[in-house]
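The values are calculated or read from the model by the stated rules, or taken from the named source; none is laboratory data. Because the structure is predicted, anything quoted here is derived from the model rather than measured. Cβ placement follows ideal geometry from the backbone for every residue including glycine, while neighbour counts extend to all protein chains displayed. All accessible areas refer to the heavy atoms of the entire protein, side chains included, with ligands and DNA or RNA removed. Shrake-Rupley method; radii C 1.70, N 1.55, O 1.52, S 1.80 Å.
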Amino acid sequence: MADGLFDQFKDWYEKRHDYARDWKARTGGQVVATMCTYTAEELLMAAGMLPVRVLGAHEPQNVTEPHIFGMFCPFCRDSPHYAEIQAFRTFLSALTGKELTDAMLHEATDTIDENRRLLRQLFDYRKESNPKVTGVEALYASITAQFVDKKEHNAQLKKVLAALPARQMDRKEGVRFMTIGSENDDIAFMAMVESVGSTIVIDDQCSGTRYFWNESKKDADPIKRIAERYCDRPACPTKDYPSHTRFDHVLGLAKDYNARAAIFLQQKFCDPHEGDYPDLKEHLEKNGIPTLFLEFDITNPIGPFRIRVEAMLETLSEEELF
């Protein structure tokens with residue numbers, strides 16, 4: 001879109017290192033790298049820190065290959081519960097030299113819950129026919145929430161939400177896709193999908209909905225409030241065995257957002273998602289959602305992906321004729 005409504009999110013994304021340096025300089029706070037959406041960032045925020053999700057650079061891995069086994073999935077597999085969150089609170093208090101009071105934790109959680117709520121409101125616009133928010137724009141909004149100061153991010157979300165009702169789109173939606181996988185901030189890929197006659201209307205990814213989908217439940221105990229929210233959030237495959245609660249959740253998202261088909265974006269060597277794939281694929285397809293499987297590595301060329309996406313679009317078009 002040429003209206004510039006999402007330009008601030010795009011700028012934050014493209015200059016995320018500059019943003020972190022600037023934030024540190026103007027606040028005097030500490031910047032803390034996180035590797036997973038299960039990191040209890042409420043405590044980091046209460047401690048005056050900026051949680052920053054580490055993203056890839058989509059460049060050849062000649063620097064890291066001598067140090068990290070090639071067949072290694074880099075995303076964390078922690079499991080937060082009350083005792084761990086409390087231990088993290090104690091650690092941060094010792095690290096910063098100040099007590100993290102209940103009031104401080106509640107205030108931080110309230111701010112982050114507001115961010116989750118605003119992102120849900122933004123994503124609701126994607127339910128519409130010819131959505132006012134594209135998949136690329138939604139990714140810019142959701143991924144920047146993982147490294148921008150939440151109060152600044154909330155303010156920008158409110159500006160965008162205020163302008164969206166009057167927004168006029170000059171594109172056709174085409175086939176409505178859902179994306180499924182772990183972390184994916186490959187803007188070039190998402191833009192390609194939306195350039196060949198389709199729109200990404202929803203996702204089940206930790207770079208998207210799994211990060212913000214549920215808010216905390218009010219509780220006098222801030223640690224319980226924080227811990228239960230992480231346990232209740234839409235599950236990642238690493239924490240969804242053996243019940244597979246996410247299967248119906250993913251199907252529900254596809255139905256709620258009227259997704260015509262789903263694309264699995266498989267990070268190479270990410271065993272939990274790869275293990276889930278056959279059963280989740282079957283679950284979606286028997287419920288009328290055809291799927292496409294694409295395996296990602298650091299520097300995949302877009303061309304072969306484009307061919308496969310276009311082939312699926314052609315198949316779906318042919319099916320609609322009969």
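Miscellaneous remarks
- Count of residues meeting criterion [out of contact with any helix residue (DSSP H, G or I) (no Cβ under 6 Å at 6 or more places or on another chain), open to solvent by 10 Å² or more (accessible area, probe 1.4 Å) and in contact (Cβ under 8 Å) with a residue 12 or more places away in the chain] in the stretch 190-213: 3
- Residue match in the stretch 206-217 (condition: at pLDDT 95 or above, more than 17 Å from the chain's Cα centre (by Cα) and either among the hydrophobic types (A, V, I, L, M, F, W, C) or in a loop (DSSP other than H, G, I, E, B) (or both)): yes
- Near pairs, Cβ below 6 angstrom, 6+ apart or cross-chain, from the stretch 107-132 (more than 19 Å from K151 (Cα to Cα)) to any residue that is open to solvent by 10 Å² or more (accessible area, probe 1.4 Å) and of a type in the set (D, E, K, R): Y125/K132; N130/E173; K132/R167
- Qualifying position, being of a type in the set (A, V, I, L, M, F, W, C), open to solvent by less than 40 Å² (accessible area, probe 1.4 Å) and assigned to a strand (DSSP E or B), among I289, I263: I263
- When L100 is tested against (1) modelled with pLDDT of 95 or more; (2) assigned to a helix (DSSP H, G or I); (3) aliphatic (A, V, I, L, M), just one condition goes unmet, and that condition is (2).
- Among (1) surrounded by fewer than 16 Cβ atoms within 10 Å (Cβ to Cβ); (2) within 14 Å of F177 (Cβ to Cβ); (3) within 22 Å of the chain's Cα centre (by Cα), the one test that T315 misses: (3)
- Close pairs (8 angstrom Cβ cut-off, 6 or more residues apart or separate chains): closer than 20 Å to V136 by Cα in the stretch 9-31, outside any helix (DSSP H, G or I) and open to solvent by less than 90 Å² (accessible area, probe 1.4 Å) anywhere: W12/F147; W12/V148; Y13/D185; R16/V52; R16/L55; R16/F147
- Condition met for R120 (open to solvent by less than 40 Å² (accessible area, probe 1.4 Å) and not hydroxyl-bearing (S, T, Y)): no
- Of the residues making up the stretch 165-186, not a single one is assigned to a helix (DSSP H, G or I) and open to solvent by less than 40 Å² (accessible area, probe 1.4 Å).
- None of G275, G252 is loosely packed, with under 14 Cβ neighbours inside 10 Å and free of Cβ contacts under 8 Å to residues at least 12 places away in the same chain except G252.
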